[in-house]
Amino acid sequence: MQFFHSGQVLPLDRNNVDTDQIIPKQFLTSVDRDGFAEALFFDWRYHDDGSENTDFILNHPDYQRASILLTQENFGCGSSREHAPWALQQWGFEVIIAPSFADIFFNNCVNNNMLPITLPKKTINDLFALTANITSVQLDIDLANQMIHCGGFAPIAFDIDPEVKRRLLSGLDFIGQTEQHASAIHEFEQRYHEKFPWLNPF
Amino acid sequence: MTNSQISKSHISKTYFPKTLYEKIWEHHCIQQLGHGTDLVYIDRHLVHEVTSPQAFAGLRQKNRRVHAPSKTFATMDHNVSTRSREIDAIGEVSEKQLMALTNNCHDNQIQLFDLKHEDQGIVHVVGPEQGLTLPGMTIVCGDSHTSTHGAFGALAFGIGTSEVEHVLATQTLQQQPSKTMRIHVSGPVSKSVSAKDIALHMIQKLGTAGGTGYVIEFCGPGISALTMEGRMTLCNMGIEMGARAALVAPDETTFKYLKGKDHAPKGQHWEQAVTFWKTLKSDEDAVFDQEIQVDGKQIKPHVTWGTSPEQVIAIDEPIPDPASEANLIKQQAMENALKYMGLEAGQKLSDVPVDIVFIGSCTNGRIEDFRAAADQVRGKQVAQGVTAIAVPGSGRVKRQAEIEGLDQIFIQAGFEWREPGCSMCLAMNDDRLEPGQRCAATSNRNFEGRQGRGGRTHLVSPQMAAAAAVHGRFTHVA
């Protein structure tokens, strides 16, 4: 079977993880779209003196190949910085599972072909319980059928907005897609500026 | 795409009665794309240096041009010094980013308020004060606090860099409608309570994720009594409730504020615009997905104690005990916050000394904010051991404050009077807290490290921040 993604889970048992934590501001001075893997969770990963915080799970040797982030409510709240999904993806995450996500962060993930999965709190807690006992929990994410497969356990069904699903499965160039509506945009602009002449800057 | 495929939540053109949000959406819907997604027209695109360089680079790679440069305005704000107007003042890396914006604006004929421009400032201060923000518009910016512009009855929201590129290329976004929430605030609100306190009170009630998936409309006597500056503060903090956008219906206060602004309509267009703007309100029998009532009389001055804006109390309340929280994850978050903030349950914030006071930001960096703060410090001195900075939100705010002599009130009290910029709100520049420093801040986020690694942020109104500067600790304001 062709899965959207298969990989190891890294549990981060915190709620309200904000984008300032995901990537602190000192890394936002870049004009590039890459080079953010080292910046991911920087303040939690490194001590004030620059040494590694070995207590933080991202530094644990058993999780260096993890690609599915399991976390708690309101993940990605705060700043709209797309550097946050860039940093997560460049470190290796392709899927994030949480009870809820902040809106802008969710859209930013989808625009980078990362899959944010929302599951009920009870299911999330069951997954956390599983990862507490086993470090190498592997999941197979079947996006087409909206199922998560986890070894010998019962598969977990998940809901997803059909448009988000379509986008992730098709990997479309959205600007290119919108450009196909160029004449509709042009006609709209003409109508619109006649109706609201004070908005016409031309 | 056939009509039968449109989901129930989708706003169809025959739907009646309508909320303000639904009206604005309809005016901007170019085409339905299927799966409940619409192609939505964007009236105004605001751009700053941090979230745009990768978007312009994307355009170049694909050989695309900016669709409507005259609807796009740019400013430098996040990554700038507030001590100097030199582009290299805080180092080469920042200079490179600021130069990228300069070049991108020049190459694409986009108006830029750069560091040498007298109207430079924070993107969400500059837009409204020049009349670039008008009722009924759709406004986007690669910045979460774009919700600010909703104060004018505009649908305004933050977007990521991929979407910035999409808007630059097409002046549209592919969007799905949000759910609707109405928050009614009864009046009267006490004179010692500011818009910031109303916002913090709501975040306490709703939580930082309470508005997720919603566009919130604020209404009621407690809201209509607010000035435009107050409404901007409130809508600005809408994102801290998780809301997609926040709205206040335009009224006479809005029209009076806008009349004569540089980019506001003039003459016959003004009359036409006002006639239209008066239709921009939710129909009386419009149905919202959620309704919340807030008793304005119950709201007091607030201070955050933790590392999330929802960890907030009234100034006379003790810091809550994590043991009293039933939700174990929230309990753990409270314990983490107390440890990070160097505080204990049961403590009163009026007993806690502050090191730094920061007045400014897109939340509270407007002229009215500096007037309110100046009232607290007039003829007084900043307490010993406290460093206080006042950072105007824009060149216009700064000049107006100087005309009114507010700068002298701050300077004589011992404040530093700075140049416009985002400054210590996010510490992307050289204004930041040292580890362990405690700050009374008029900004919007008290996240761990937000104002500098190890820095401890307490969010307050300008009045409360200024009073904390004078007293050296948090205190009631009269």
Of all residues in the range B:220-256, which are touching a Pro at 6+ places or on another chain (Cβ under 8 Å) and either of a type in the set (S, T, N, Q) or outside any loop (DSSP other than H, G, I, E, B) (or both)? B:PRO221, B:GLY222, B:MET228, B:MET232, B:MET237, B:GLU240, B:THR254
Can you tell me which residue among B:THR279, B:THR275 is surrounded by fewer than 20 Cβ atoms within 10 Å (Cβ to Cβ) and part of a helix (DSSP H, G or I)? B:THR275
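Return the residues of the range A:11-32 that are more than 9 Å from chain B (Cβ to nearest Cβ) and either in a helix (DSSP H, G or I) or among the hydrophobic types (A, V, I, L, M, F, W, C) (or both); say none if nothing qualifies.
Those that are more than 9 Å from chain B (Cβ to nearest Cβ) and either in a helix (DSSP H, G or I) or among the hydrophobic types (A, V, I, L, M, F, W, C) (or both): A:LEU12, A:VAL17, A:ILE22, A:ILE23, A:PHE27.
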Can you pull out the residues in the range B:413-463 that are more than 14 Å from chain A (Cβ to nearest Cβ), of a type in the set (A, V, I, L, M), touching a helix residue (DSSP H, G or I) at 6+ places or on another chain (Cβ under 6 Å) and buried (at least 24 other Cβ atoms within 10 Å of the Cβ)? B:ALA440
I'm trying to understand the selection: among the residues of the range B:11-57, which are modelled with pLDDT of 95 or more and among the charged types (D, E, K, R)? B:LYS18, B:GLU22, B:LYS23, B:GLU26, B:ASP38, B:ASP43, B:ARG44, B:GLU49
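Determine which member of the set B:MET137, B:MET99 is facing chain A (nearest Cβ under 10 Å) and touching a strand residue (DSSP E or B) at 6+ places or on another chain (Cβ under 8 Å).
Values: B:MET99 fails: touching a strand residue (DSSP E or B) at 6+ places or on another chain (Cβ under 8 Å).
Testing whether each residue is facing chain A (nearest Cβ under 10 Å) and touching a strand residue (DSSP E or B) at 6+ places or on another chain (Cβ under 8 Å) leaves just B:MET137.
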Give the number of residues within the range A:150-165 that are surrounded by fewer than 12 Cβ atoms within 10 Å (Cβ to Cβ) and assigned to a helix (DSSP H, G or I). 0
With the requirement that a residue be facing chain A (nearest Cβ under 10 Å) and part of a loop (DSSP other than H, G, I, E, B), what does the range B:11-65 give you? B:HIS35, B:GLY36, B:ASP43, B:GLU49, B:VAL50, B:THR51, B:SER52, B:LYS62, B:ARG64
Cβ pairs under 7 Å, 6+ apart or interchain, first in the range B:337-362 and free of Cβ contacts under 8 Å to residues at least 60 places away in the same chain, second assigned to a strand (DSSP E or B), ordered by first then second residue, are B:GLY346/B:PRO318; B:GLN347/B:PRO318; B:LYS348/B:PRO318
So, in the range B:290-313, how many residues would count as being within 14 Å of chain A (Cβ to nearest Cβ), assigned to a loop (DSSP other than H, G, I, E, B) and not acidic (Asp, Glu)? 5
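Could you list, in sequence order, all residues of the range B:69-99 that are part of a helix (DSSP H, G or I) and more than 25 Å from the chain's Cα centre (by Cα)?
B:GLU92, B:VAL93, B:GLU95, B:LYS96, B:MET99
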Kindly provide the set of residues from the range B:108-134 that are surrounded by fewer than 24 Cβ atoms within 10 Å (Cβ to Cβ) and within 11 Å of another protein chain (Cβ to nearest Cβ), ordered by number. B:GLN111, B:GLY131, B:LEU132
Residue list for the range B:135-163, filter: part of a helix (DSSP H, G or I) and surrounded by 24 or more Cβ atoms within 10 Å (Cβ to Cβ): B:SER144, B:HIS145, B:THR146, B:SER147, B:THR148, B:HIS149, B:GLY150, B:ALA151, B:PHE152, B:THR161, B:GLU163
Within the range A:166-202, can you find the residues that are assigned to a helix (DSSP H, G or I), closer than 25 Å to B:HIS263 by Cα and at the interface with chain B (Cβ under 8 Å from one of its Cβ atoms)? A:ILE185, A:PHE188, A:GLU189, A:TYR192, A:PRO197, A:TRP198, A:LEU199
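Of everything in the range B:62-77, what is closer than 17 Å to B:THR102 by Cβ and in contact with a helix residue (DSSP H, G or I) (Cβ under 8 Å, 6 or more places away or on another chain)? Give them in sequence order.
First, pick out the residues of the range B:62-77 that are closer than 17 Å to B:THR102 by Cβ: B:66, B:69, B:72-77.
If the condition is that a residue be closer than 17 Å to B:THR102 by Cβ and in contact with a helix residue (DSSP H, G or I) (Cβ under 8 Å, 6 or more places away or on another chain), then B:VAL66, B:THR72, B:PHE73, B:ALA74, B:THR75, B:MET76, B:ASP77 are the ones that fit.
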Within the range A:93-150, can you find the residues that are more than 20 Å from A:PHE4 (Cβ to Cβ) and of a type in the set (Asp, Glu)? A:ASP103, A:ASP126
Tell me, yes or no, whether the range A:169-192 has at least one residue that is closer than 22 Å to A:PHE93 by Cβ and touching a His at 6+ places or on another chain (Cβ under 9 Å). yes
So which pairs qualify, if the first residue must be in the range B:164-187 and more than 7 Å from chain A (Cβ to nearest Cβ) and assigned to a strand (DSSP E or B), the second must be crowded, with 24+ Cβ neighbours inside 10 Å and of a type in the set (D, E, K, R), the Cβ gap must be under 8 Å, and the two must be at least 6 apart or on different chains? B:LEU173/B:GLU163; B:THR180/B:GLU217; B:MET181/B:GLU217; B:ARG182/B:GLU217; B:ILE183/B:GLU217
Members of the range A:49-87 that are of a type in the set (Phe, Trp, Tyr), in contact with a strand residue (DSSP E or B) (Cβ under 6 Å, 6 or more places away or on another chain) and surrounded by 24 or more Cβ atoms within 10 Å (Cβ to Cβ): A:PHE75
Within the range B:293-338, track down each residue that is charged (D, E, K, R) and within 28 Å of the chain's Cα centre (by Cα). B:ASP295, B:LYS297, B:LYS300, B:GLU310, B:ASP316, B:GLU317, B:LYS330
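The values are calculated or read from the model by the stated rules, or taken from the named source; none is laboratory data. Quick caveat, the model's predicted, so the values are computed rather than measured. Heads up, the Cβs are rebuilt from the backbone with ideal geometry, glycines too, and the neighbour counts pull from every protein chain shown.
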